[in-house]
Amino acid sequence: MEEHKGKMRAVECTGYGPPEVLRLAEVDIPIPGENEIRIAVRASAVTASDIFIRSSDLPLMYKIPMRLLIGITKPRKSILGLVFAGLVESAGSKITRFKPGDRVYGMTGFRFGAYAQYMCLKETDSKAGCVSILPDEISFEEATAAAYGGSLALQYMDKGGIEQNRHILVYGASGTSGTFAVQYGKYLGAHVTGVCSTGNLEFVRSLGADAVIDYTVRDHIEPGIEFDFILDSVGKMKKSKLKESCRKNLKKSGTYVSIDDGDLILSSSRLDQISGLVVDGSIKPVVEKAFPLEQIVQAHRYVAKGHKRGGVAIVIGSA
Ligand SMILES: NC(=O)c1ccc[n+]([C@@H]2O[C@H](COP(=O)([O-])OP(=O)(O)OC[C@H]3O[C@@H](n4cnc5c(N)ncnc54)[C@H](OP(=O)(O)O)[C@@H]3O)[C@@H](O)[C@H]2O)c1
């Protein structure tokens with residue numbers, strides 16, 4: 001295998017805190033092991049998880065276990081970035097699924113590392129990542145929203161056993177996972193209601209939602225509408241009267257799932273399922289904005305406001 005010595009551009013996290021803890025740096029290009037591929041990263045993203053790790057803005061009872069896991073005063077893996085899309089640049093001798101030149105995408109889990117021109121990854125699924133072939137029809141930027149939003153939405157929606165004409169509610173319908181959840185619900189033949197803020201109502205309708213609820217003006221929904229399935233894709237940290245009211249309107253036989261129930265499963269077969277849905281036109285990944293790697297601080301500031309539409313991509317130029 002060709003060794004690629006030299007330096008690359010990457011973003012290092014110098015401590016937990018505001019976006020300014022992220023710094024552009026020149027670091028060594030990683031060398032893949034025999035069971036790893038090296039990926040020339042073309043796009044990453046600023047996801048809710050990247051914000052969560054970088055800010056470490058959590059109640060003490062969550063902060064301590066998280067920091068024991070990923071680093072006490074700063075992340076042990078200094079290059080953040082959970083999702084990636086790019087090209088296989090070299091493949092170790094034991095690699096069977098990929099070859100140089102393949103378009104790929106996926107997630108890195110707790111090894112992070114996608115805010116860089118190159119990263120190495122095993123081809124087998126684990127908590128340290130999953131990777132799959134990226135079809136030509138999906139752009140690198142779209143792939144980052146598809147990997148994260150698609151994996152979250154499909155994992156949690158599939159807990160609902162959603163069938164034709166069921167009435168489902170997606171709470172947080174305009175975010176990365178919510179935009180996927182609305183479209184996946186329509187693909188499954190459900191009647192979909194989406195909850196979002198005023199500025200996103202028309203956008204959520206344009207994704208196919210049959211009804212929309214503005215959480216900035218409503219704090220309850222009328223009894224009578226009964227849901228078979230509710231996906232809380234905002235997460236448990238955001239509580240509200242409206243959310244509670246929606247929950248009261250769940251049918252006795254219905255299912256309520258929070259996107260924070262359990263861990264996101266990193267699965268390459270899930271990525272393949274998502275690719276299929278995008279390629280056949282059933283789901284369109286939404287990328288609201290793309291920032292170059294050099295503007296990572298601005299990108300984190302933007303996402304930290306909490307109201308992006310779909311995903312925000314980070315575009316990474318070649319070496
Ligand atoms: N289980 C796991 O392992 C795991 C892994 C990763 C992430 N997650 C969870 O997934 C969540 C969602 O991720 P994402 O990428 O889809 O997030 P996102 O893109 O940031 O979307 C956030 C959504 O929340 C809405 N929102 C913001 N403030 C709100 C409020 N006060 N009330 C109601 N809705 C509000 C936004 O709508 P507007 O813009 O219209 O306000 C938007 O639709 C994360 O926050 C995290 O909790 C779980």
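How large is the translational diffusion coefficient of segment 75-191 in µm² per second when you combine the Kirkwood radius over alpha carbon pairs with Stokes-Einstein at 10 °C and 1.306 mPa s? My calculation gives 102 µm²/s for D.
In the chain, the DSSP beta bridges split such that about 60 percent are antiparallel, to the nearest 5. Using the alpha-carbon centroid of each, what span in Å lies between segment 70-137 and segment 291-319? Cα centroid of segment 70-137 versus Cα centroid of segment 291-319: 19 Å apart. With N as its number of residues, segment 1-155 has a Cα radius of gyration that, divided by 2.2 N^0.38 Å, comes to 1.03.
Among 271-277, 46-52, 237-243, sorting by the average number of other beta carbon atoms lying within 10 angstrom of each residue, highest first, gives 46-52, 271-277, 237-243. Annotation: Cα Rg of segment 123-244 relative to the compact-globule expectation 2.2 N^0.38 Å equals 1.12. The percentage of C-alpha pairs in the chain whose separation is greater than 32 Å is 28%.
Sequence-ordered 3J(HN,Hα) estimates for segment 209-222 from the Karplus curve with 6.51, -1.76 and 1.60 and θ = phi - 60° stand at 4, 7, 8, 10, 10, 8, 6, 7, 10, 10, 10, 7, 10, 5 Hz, glycine and proline given as x. Listed by chain and number, the lysines whose C-alpha is less than 19 Å from the C-alpha of Lys122, apart from same-chain residues fewer than 8 away, are Lys77, Lys94, Lys99. Every pair of different Cα atoms in segment 186-319 enters the Kirkwood calculation, which places the hydrodynamic radius at 17.3 Å. Express the accessible area of segment 1-99 per residue in Å², computed with a 1.4 Å probe while the remaining protein chains stay in the model. Heavy-atom accessible area per residue stands at 49 Å². Here r is the Cβ-Cβ distance between Ser245 and Glu34 and R0 is 35 Å; the resulting FRET efficiency, rounded to 0.05, is 0.05. If you take all C-alpha pairs in segment 240-317, what percent of them are over 21 Å apart? That tail contains 59 percent of the Cα-Cα pairs. When each of the peptides 57-66, 172-181, 32-41 is scored by how many other beta carbons lie within 10 Å of its residues on average, the order from highest to lowest is 172-181, 32-41, 57-66. Extension gain, Ser258 to Lys236, is 7.2 nm, computed as 0.36 nm per intervening residue step minus the present C-alpha separation. With all protein chains in place and a 1.4 Å probe, the accessible surface of segment 39-184 carries 57 percent carbon and sulfur. Relative to the compact-globule estimate of 2.2 N^0.38 Å, the Cα radius of gyration of segment 1-91 comes out at 1.23.
Take the Cβ atoms of Ser55 and Glu26, set R0 to 25 Å, and the FRET efficiency comes out at 0.50.
Here the gap between Asp214 and Lys159, fully extended at 0.36 nm per residue and compared with their Cα-Cα distance, gives a gain of 17.2 nm.
Using a probe of 1.4 Å on the protein chains alone, the accessible area found for Ser233 is around 20 Å². Estimated purely from DSSP H runs of n ≥ 4, each contributing -39500 (n - 2.57), the mean residue ellipticity at 222 nm for the chain is -7000 deg cm²/dmol once divided by its residues.
The values are calculated or read from the model by the stated rules, or taken from the named source; none is laboratory data. What you see is a predicted model; the values in this text were computed from it and never measured. FYI the Cβ positions are ideal-geometry reconstructions off the backbone, even for glycines, and counts take in every protein chain you see. Just the protein is used for accessible areas: all its heavy atoms, side chains included, with ligands, DNA and RNA removed. Shrake-Rupley method; radii C 1.70, N 1.55, O 1.52, S 1.80 Å.
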